[in-house]
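Below you'll find the structure, written out as structure tokens, and then a few comments.
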Amino acid sequence: MVKTIYYSEVIYDTWSFYIAATENGLVYVGSSPQRFTELETWVSNLKVNTELIRDDRILTLYISQFKEYLTRQRTSFTFPVELIGTSFQIEVWNHLLTIPYGETTTYGEIATALNKKPTHSRAVGTAIGKNPLMIVYPCHRVVPKTGSPKGFRGGLPMKKALLSLEKLD
């Protein structure tokens with residue numbers, strides 16, 4: 001059986017990134033620097049027979065909510081998602097949704113909140129690094145305990161831009 005994944009590109013102002021969805025919901029948000037290659041690699045790593053089809057119309061709802069977010073008209077997303085990952089990854093990704101817009105937390109704080117030892121912050125960081133739905137599951141809000149932004153699939157400039165976008169001043 002072939003799994004169909006539809007994709008499109010969100011383009012607004014200086015922002016440009018690919019998104020992808022199945023019939024069940026959004027499955028992937030790409031990063032600006034990696035562009036389409038990153039999406040193709042993610043799809044090939046699924047280890048299932050997939051068909052990747054560009055369809056801007058099917059992804060209209062997703063695109064419009066991203067544009068609302070990028071213009072500070074939205075602080076969270078209401079469209080359906082389909083999380084593809086291990087149970088631990090999904091547990092970590094779901095916890096990202098509890099980080100308020102405009103705030104940050106640390107890897108260690110997430111480990112503690114998930115009833116793990118603070119030393120599990122590396123495992124938490126690895127799971128966050130595999131988050132296929134960045135921005136929606138706001139991994140950009142997670143920083144090292146030093147407080148300075150570091151480590152982000154979309155690159156440090158994108159992480160800093162997202163944190164700056166969410167500043168409430």
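The values are calculated or read from the model by the stated rules, or taken from the named source; none is laboratory data. Keep in mind the model is a prediction, meaning the values are calculated, not measured. Note that each Cβ is placed from the backbone with ideal geometry, even for glycine, and that neighbours are counted across all protein chains shown.
Within the stretch 18-29, being surrounded by 13 or more Cβ atoms within 10 Å (Cβ to Cβ) and in contact (Cβ under 8 Å) with a residue 24 or more places away in the chain holds for Ile19, Ala20, Ala21, Thr22, Gly25, Leu26, Val27, Tyr28, Val29.
Results for (1) farther than 21 Å from Lys67 by Cα; (2) modelled with pLDDT of 95 or more; (3) not aromatic (Phe, Trp, Tyr), shown as yes or no for each residue.
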position	(1), (2), (3)
Thr105	yes, no, yes
Thr126	yes, no, yes
Gly129	yes, no, yes
Pro132	no, yes, yes
Pro138	no, yes, yes
Val143	yes, no, yes
Gly151	yes, no, yes
Gly155	no, no, yes
Ala161	no, no, yes
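Can you confirm whether Leu59 is surrounded by 18 or more Cβ atoms within 10 Å (Cβ to Cβ) and either in the same structural domain as Ser148 (by TED's automatic domain parsing) or at positive phi (or both)? Answer is no for this residue.
Every condition in (1) in a helix (DSSP H, G or I); (2) free of Cβ contacts under 8 Å to residues at least 12 places away in the same chain; (3) over 18 Å from Lys159 (Cβ atoms) holds for Lys116 except the one numbered (1). A count restricted to the stretch 46-84 and to residues that are under 21 Å from Phe17 (Cα atoms) and part of a loop (DSSP other than H, G, I, E, B) stands at 19.
Does Ile110 satisfy the condition of being part of a helix (DSSP H, G or I) and more than 14 Å from the chain's Cα centre (by Cα)?
The answer is yes for Ile110.
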